[in-house]
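Engineer: The structure that follows is given in the form of structure tokens.
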Amino acid sequence: MNETAGKTLLVFGGSGLVGMEVLRQALANPAVSQVVAPTRHPLPVSVSHYAHLRNPQVDFEALPADADWWHADAALCALGTTLKQAGSKDGFRRVDRDYVVAAAQHGLSAGTRTFVLNSSVGASPRSGSFYLRVKGEVEQDLKAMDFRSLTLVRPSLLDGGPRADDRPGEVFGLLLSRGLKPIIPKRYRAIKTSDVAAAMLQAALMAPVGQQVIESSAIPRQR
């Protein structure tokens, strides 16, 4: 018997680059019977046509604590923004930390005991980088919760094609990373979003007991 058959997954951040790839892979996986992806706006037709996808529209400032979809076999979170999009450091922390923690707490209260987070290489609550410090803070918050299985995936620069928003710094970084790939340590090399999503999905389905961190260099790369 396949112990992962019939899983229900809860996916946050499904409209983003990594989250959308998580959705695509989860919806195509025969071990998954239902995917619930709460988003602020409806998901595109490319994924919304799947019969086993639920896409409730929510306000992350006031998540519905009594929704029946909080209980799942695992929750995968790829929520995130940029300082430019958020408009301020407080706004960035609100999305990348507060929204994530709130979603995790609601899921845990409903009995979802497995949580997988898309974090970042270098995440640390003591980092001198505001971005990495917030990522480290949310990791710390999640570690303090009583999840049976918690996986923190820390990818380096994401390579997943064009984004809906303009990120010239990221585009330049990708070009530099590709050109200098032979001399860049594996930990810092750009990584495909499909590989990050695959690592997250595997962690959600296997649900290893305890807390684990998957650094970018340890994420399997597909050719």
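The values are calculated or read from the model by the stated rules, or taken from the named source; none is laboratory data. Everything quoted here is computed from the prediction, not taken from an experiment. So basically every Cβ, Gly included, is an ideal-geometry build from the backbone, and we count neighbours across all protein chains shown. These accessible areas exclude ligands, DNA and RNA; they are computed on the full protein's heavy atoms, side chains included. Shrake-Rupley method; radii C 1.70, N 1.55, O 1.52, S 1.80 Å.
Engineer: Please state which one of P125, P155 is open to solvent by 30 Å² or more (accessible area, probe 1.4 Å), more than 14 Å from A207 (Cβ to Cβ) and in contact (Cβ under 8 Å) with a residue 12 or more places away in the chain.
Structural biologist: When all the criteria are applied, what remains is P125.
Engineer: Here is a list of conditions, (1) of a type outside the set (K, R); (2) touching a helix residue (DSSP H, G or I) at 6+ places or on another chain (Cβ under 9 Å); (3) buried (at least 20 other Cβ atoms within 10 Å of the Cβ), and Y99 meets all of them except one; can you say which number that is?
Structural biologist: (2)
Engineer: Next question, about the same structure. Return the only residue of L150, L201, L132, L158 being out of contact with any Lys or Arg (no Cβ under 7 Å at 6 or more places or on another chain), closer than 27 Å to G91 by Cβ and modelled with pLDDT of 95 or more. If you could, list the steps in order and put the result at the bottom.
Structural biologist: Numbers: L150 fails: out of contact with any Lys or Arg (no Cβ under 7 Å at 6 or more places or on another chain); L201 fails: closer than 27 Å to G91 by Cβ; L158 fails: modelled with pLDDT of 95 or more.
One residue alone meets the criteria, L132.
Engineer: Quick check, is T114 buried (at least 22 other Cβ atoms within 10 Å of the Cβ) and more than 22 Å from S217 (Cβ to Cβ)?
Structural biologist: Taking the combined requirement at face value, the residue satisfies it.
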